[in-house]
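Report on the structure given below.
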Amino acid sequence: MSFREENYNIMLAELLADKGLRALGEVILRGKGRPTPDVLIELNGIRIILEGKKAGAWEELVRNCEKRLDENLCDLCVMVEYAKVNLSGKLSPSQLDIKDAILKGRFNVGFMSYVERANLDRWIGKPFRPEVYRDVGFDELVTYLMSAYGRVVSEDIIQPVIAKINQVLDSFSSGLASSVDPERLKEVLELSDDESGEGSEDD
């Protein structure tokens with residue numbers, strides 16, 4: 001049967017809360033016109049939004065996460081595609097049925113952080129490739145989520161960028177110094193070795 005994503009997202013939030021995460025399902029963020037995240041997690045001051053969609057909606061998940069980060073709604077966005085979550089044979093599934101389906105289900109999971117959306121990686125020669133894990137179970141999902149959170153709080157992306165910029169500037173200045181003709185530079189700047197100005201057109 002066709003499932004309602006909202007039911008799965010709310011149950012997923014409850015299961016994540018059971019694992020000790022402060023997770024709320026289908027939360028409406030304050031502010032007129034602000035979008036509703038599927039699952040909102042706040043972990044030690046880091047705001048995480050988890051987007052959950054049915055199988056075949058991966059590209060929509062990516063777009064949703066890009067929008068969440070661009071609108072500064074979270075620090076980390078998690079994409080969860082319900083690849084194999086089975087409620088077959090259940091005409092009116094209960095919450096217990098949905099819980100069991102998620103715990104036994106398989107997911108495609110990806111992560112996107114503010115670092116990727118800021119595109120700072122281009123300065124250090126690392127093109128953005130969102131991490132995608134396919135056919136993972138619920139416990140693996142929790143493990144990957146905590147791992148992604150750890151990278152967000154520990155990754156120092158600014159210092160490598162600064163080092164790369166300094167390297168480029170040093171290389172540029174070195175190349176410039178070796179290619180400059182001092183005499184030609186004096187001529188262009190209309191400088192003279194004679195402080196009296198001897199040799200100028202006025203003398």
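The values are calculated or read from the model by the stated rules, or taken from the named source; none is laboratory data. Since we're looking at a predicted model, the values are computed, not measured.
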* Structure fact -> Exactly one of Val132, Val109, Val80 is assigned to a strand (DSSP E or B) and modelled with pLDDT under 90, and that one is Val132
* Asked: Gly56 versus (1) over 14 Å from Asn9 (Cα atoms); (2) modelled with pLDDT of 85 or more; (3) not in a loop (DSSP other than H, G, I, E, B): which is the lone unmet condition?
  -> (3)
* Which of (1) in a helix (DSSP H, G or I); (2) at pLDDT below 90; (3) not aromatic (Phe, Trp, Tyr) does Asn86 not meet, given it meets every other one? -> (1)
